[in-house]
Amino acid sequence: MAFTDHPTLYPSNWLRDLHAQVPRKVARDVWNRLRYGAGAPLSDELIRVDACDVNFTYAGKPRLRRQQSGMILGGDWDLPRQSVEESRKLQSCRLHFEGGTPWRDTPLFQKLLTEIAAGKTPDDCATEEELVTRYQRLDAVFEQTRRLGRLLSRAELPEYFRREHGGILLHVGRDGTLLRAGGGAHRFAIARILNLKRIPAQLGVVHPQAYNGGLLAELRAA
């Protein structure tokens, strides 16, 4: 194992490890393997899916985000859901990339400007100029993805940290339904608009019925 292949081991990333709850995730991985066997889900695991197969957003409780990646969780958490097409981010991306609407005139951009005016820092943007720069970078991602015909995995990016951590976050419901969660909304929108058939995603929470039914294996083989 080469040290340079594992950014989580860098001393400079130790605070980031704690923020991403890497120690807890490592413990979860060990527990999953002991309880469910060698095929158990891994935290921050890379899966690949068809963007058009992701039609719902997780809308339930508890709040399940990147920190719960790789968790096997029973119950009815996976049943509350809404259409991904109701997402303000997806709608605004469609207006911009398909309709040519300037970012400034999209509902999303206006919402973020309002938040900045209220003293908030949405997407780590504290000023309008920072917001404009962020969306210029998003335009570059769109053009790169369209040119390549695929979305880059986290391991292919300069900010690579751990497995697919930071990617499009997808939970797996009991019947294999993919539920988009809070992470990677813009990249998901780009993938859906470009109709990409095999996109990288970060595994979120997995329902035990999906795991026991072999549905996770299908995502790994996609």
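Pull out all pairs, ordered by first then second residue, where Cβ-Cβ is under 8 Å, the residues are six or more apart or on different chains, the first lies in region 83-112 and is modelled with pLDDT of 95 or more, and the second is acidic (Asp, Glu) and open to solvent by 40 Å² or more (accessible area, probe 1.4 Å).
Gln91/Glu85; Leu95/Asp105; Leu112/Asp123
Run down Asp44, Asp17 and say which single residue is within 19 Å of the chain's Cα centre (by Cα) and touching a residue at least 40 places away in the same chain (Cβ under 8 Å).
Selected residue: Asp44, the only one of Asp44, Asp17 that is within 19 Å of the chain's Cα centre (by Cα) and touching a residue at least 40 places away in the same chain (Cβ under 8 Å).
State all residues of region 169-196 that are of a type in the set (D, E, K, R), buried (at least 22 other Cβ atoms within 10 Å of the Cβ) and outside any helix (DSSP H, G or I); if no residue qualifies, say none.
Within region 169-196, just Arg180 meets the criteria.
Quick check on region 12-62: of everything there that is assigned to a loop (DSSP other than H, G, I, E, B) and among the charged types (D, E, K, R), which residue is nearest to Glu85 (Cα to Cα)?
Filtering region 12-62 for residues assigned to a loop (DSSP other than H, G, I, E, B) gives 20-21, 37-45, 50, 54-55, 59-62.
Within this subset, residues satisfying the condition of being among the charged types (D, E, K, R) are 44-45, 50, 61.
Values: Asp44: 25, Glu45: 26, Asp50: 16, Lys61: 20 Å.
Restricting to residues being assigned to a loop (DSSP other than H, G, I, E, B) and among the charged types (D, E, K, R), the top hit is Asp50.
State which residue is least open to solvent (accessible area, probe 1.4 Å) when the search covers only region 77-115 and only residues that are farther than 30 Å from Asp175 by Cα and part of a loop (DSSP other than H, G, I, E, B).
Checking each candidate, the answer is Thr106.
Could you list all residues from region 47-70 that are touching a residue at least 24 places away in the same chain (Cβ under 8 Å) and either among the charged types (D, E, K, R) or farther than 23 Å from Gln209 by Cβ (or both)?
Of region 47-70, the ones touching a residue at least 24 places away in the same chain (Cβ under 8 Å) are 47-58, 64-70.
Passing the criteria: Arg48, Asp50, Ala51, Cys52, Asp53, Arg65, Arg66.
Please find, within region 197-209, the residue that is nearest to Arg94 (Cα to Cα) out of those that are over 9 Å from the mean Cα position of the chain (by Cα) and buried (at least 24 other Cβ atoms within 10 Å of the Cβ).
Ile199
Looking only at region 32-76, which residues are open to solvent by 60 Å² or more (accessible area, probe 1.4 Å), touching a helix residue (DSSP H, G or I) at 6+ places or on another chain (Cβ under 9 Å) and of a type in the set (A, V, I, L, M, F, W, C)?
Leu46, Phe56
The values are calculated or read from the model by the stated rules, or taken from the named source; none is laboratory data. Not measured: the values here are computed from a predicted model. Note: ideal-geometry Cβ built from the backbone for every residue, glycine included; neighbour counts use all protein chains shown. We work out accessible area using only protein heavy atoms, side chains counted, and drop any ligands, DNA or RNA first. Shrake-Rupley method; radii C 1.70, N 1.55, O 1.52, S 1.80 Å.
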